[in-house]
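Right, one structure below, let's go through it.
Bear in mind that the values in this text are calculations on the coordinates, not laboratory data. The structure displayed is predicted, hence computed values, not measured ones. Please note: Cβ atoms are built from the backbone with ideal geometry, for glycine as well, and neighbour counts cover all protein chains shown.
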Amino acid sequence: MPVRIIACGVFERELQALAGQTTVPFDVELLDAGLHDRPDQLHLALQESIDRATGYEAIGLLYGLCGRGAAGLIARDVPLVIPRAHDCVAVFLGSPEAYREQFRATPGTLYLTPGWFEQKVHPDSLRLQSVADGWWPDQHPKFAEWSDSYGADNAKMIVAFLEAWRGNYERIALIDNGLGDPERYQQYARELSAASGWRYERLRGRLDWIHALVDGPHSPAGFLTVPPGHRVVTTHDARIFAAVPTGLTGQQPGSGAEPGRFVFRDEAAPTQRTGYGLGIDAGGTYTDAAVLDFGVEAVVAKAKAPTTHEDLMIGVGEALGALDRDLLGKVSVVSLSTTLATNALVEDRGASVGLLLMPVDAKAAEMIATRPLRIVPGKLSIDGAERQPVDQAAVLAAVDELLAEGVEAIAVSGYGGASNPAHEQLVARLAAERSGLPVVCGHELTGRLNFVRRAHTAVLNARLMPVINRLLDAVASVLAQHGVRAPLYVVRGDGSLLAVSAARQRPIETIATARSICSKAG
């Protein structure tokens, strides 16, 4: 049976060369190299390609961890084989050892390969010219355009931010594997090196790792083999990846699962599951409960009761009360899903939230729609450098004002908070100590650099905290009354599981359409 290779577009030349050097039949699907910059979309594209690939001996992925785009992938009917690499640089160099050697010697290296040159660099673009023009903002090719749109000072900030990437590097290295037009690649690399003041070096590339992906053997040291019915998780150690069963029985030490995102059995545990799981779905109209027998993979009991919004314990209790108590005593894990948070947003319900804001300027603050709002002193640059310290007395005074307006929760968001959360953390601590209310920070929910969207997301999350807390309290109480002592997890919007403590802090993650809601709010 043939092998299917799903690869980033930057490997096109290498795979073309391999086609004439192997006796193993294989075909290739190349994905857009631009997906490297969008890990969420990369993950979806990879899973869709995996799901389409049937009738193969194995599916080889020419991807590394790649911004976590490979994390969470599921092998369906065909085993997956993935290089144990953080990104493609190690694969182009031929081994993780070769990459570690280069990293130890010069961590600040920008690597260039034939595929990256042809798929990503676009040497005729403005980037090389902007580099060659130096650091002076007004010499940037788009400075005049940005100045007209945003003002000269803001245009200078944009240029400084966009060009700050050069400060992270001291060397450009061309990985030459003899394919394509090496002299053309070298000319570009030398021009970029001269313009940036970096050292230029030419490294020898090797195709060994790519050959092994197709030809084998797939040594455990170099590759992760994911059996059908297993999922890829990150291990945060030298293994990079691990394969775990897709069944859920509670997180075990050493499983490699990331807390708060996926909860899996230990990968060394047997794949046959036994026991019972309880699922509870608290909807806007009805609350459903079902017991699943893991051994036969079938629902063995189910019940339904109206959701009682005035007292959630009543509806949950009636649903569980209709189930066999002896069966409930055998439950080993409980999974709770709910649309209550989604309904609260749609119906404009939830807690009254006060926002403590640290904008870069008054114009930025005007873009925040939520009220009540208080601006407190404290400023960061977009890269997280402190421009003005937090005024603690002013924070406490602002909290007192919000309390006087009757807020039930507080959100904190500051410009630059995604780069440096120190200001948000200090303001949140002061607000929590002063008010005794739930407090959430924008940087805890998203690391994106959209200040306005981050502030709105924090407010929406704070609005939902009392809604979710009431439900979780009710479910915990009812479970105890019915003799269920199994661990409780909450279903996130993407179908993975969230610990109860995380769900209390980040209820917005229970919403399947959280991204679109926050986009509209921003």
Inset, instruction - Show the residues, 5+ positions off or on another chain, whose built amide H is closer than 5 Å to the amide H of GLY60. - result: ARG4, ILE5, ILE6, VAL81
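Given 0.36 nm per residue, what is the gain on full extension from LEU44 to GLU29 after removing their alpha carbon distance, in nm? Provide the component values of the computation, followed by the final result.
On the way: separation 15, 0.36 × 15 = 5.40 nm, distance 1.47 nm.
Using 0.36 nm per residue and subtracting the Cα-Cα distance, I get 3.9 nm.
Evaluate E = 1/(1 + (r/R0)^6) for ASP215 and ALA322, where r is the Cβ-Cβ distance and R0 equals 60 Å; express this FRET efficiency to the nearest 0.05.
Working: r = 58 Å, r/R0 = 0.97.
Working from the Cβ atoms, E equals 0.55.
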Legend entry - Within the chain: Cβ-based charge dipole about Cα centre, in debye rounded to nearest 20 (Lys, Arg +1; Asp, Glu -1): 540 debye
Legend entry - Karplus-derived 3J(HN,Hα), 6.51/-1.76/1.60, for each residue of the stretch 283-299, Hz, glycine and proline x: x, x, 10, 10, 10, 10, 9, 8, 10, 10, 8, 5, x, 10, 6, 9, 6
Legend entry - Residues with amide H under 5 Å from that of LEU110, placed H, sequence gap 5 or more: GLU170, ARG171, ILE172, ALA173
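Using the per-residue mean of other Cβ atoms lying within 10 Å as a proxy for protection, in what order, highest first, do the peptides 85-98, 146-159 fall? Show your work: numbers first, answer last.
Working: 85-98: 20.9, 146-159: 15.9.
Per-residue mean Cβ counts within 10 Å order the peptides as 85-98, 146-159.
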Inset, instruction - Enumerate the helices in the chain for which the Kyte-Doolittle hydropathy averages 1.0 or more and the C-alpha atoms extend at least 30 Å along the helix's axis, using complete DSSP H runs. - result: none
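Divide, for the chain, the radius of gyration over alpha carbons by 2.2 N^0.38 Å, where N is the residue count. Before the final figure, lay out the partial values.
On the way: Rg = 26.7 Å, N = 522, 2.2 N^0.38 = 23.7 Å.
That ratio works out to 1.13.
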Legend entry - Label point distance in nm, SER149-GLU191, each placed 7 Å from Cα along Cα→Cβ: 2.5 nm
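Determine the gain in length on full extension of the stretch ASP473-ALA369; use 0.36 nm per residue of separation and subtract their C-alpha separation, reporting nm with one decimal.
Stretched fully, the ASP473-ALA369 segment lengthens by 34.3 nm.
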Legend entry - LYS379 long-range amide H proximity, modeled H, under 5 Å: ARG387, GLN388
Inset, instruction - Looking at the chain, send over the antiparallel percent of its DSSP beta bridges, to the nearest 5. - result: 40 percent
Legend entry - Net length gained if the chain between ALA19 and ASP51 were fully extended (0.36 nm per residue, minus Cα distance): 9.1 nm
Inset, instruction - Return the sequence-ordered ³J(HN,Hα) values of the stretch 80-92 in whole Hz as given by the Karplus equation 6.51 cos²θ - 1.76 cosθ + 1.60 applied to θ = phi - 60°, using x for Gly and Pro. - result: 9, 10, 10, x, 7, 9, 6, 7, 6, 4, 4, 5, 5
Inset, instruction - Provide the convex hull volume over Cα atoms per residue for the stretch 274-522, in Å³. - result: 124 Å³
Legend entry - Helix-derived mean residue ellipticity, 222 nm - over the chain, DSSP H n ≥ 4, -39500 (n - 2.57), to 500: -10500 deg cm²/dmol
Legend entry - Inter-label distance, nm, simple model (7 Å from Cα along the C-beta direction), GLU201/ASP77: 4.8 nm
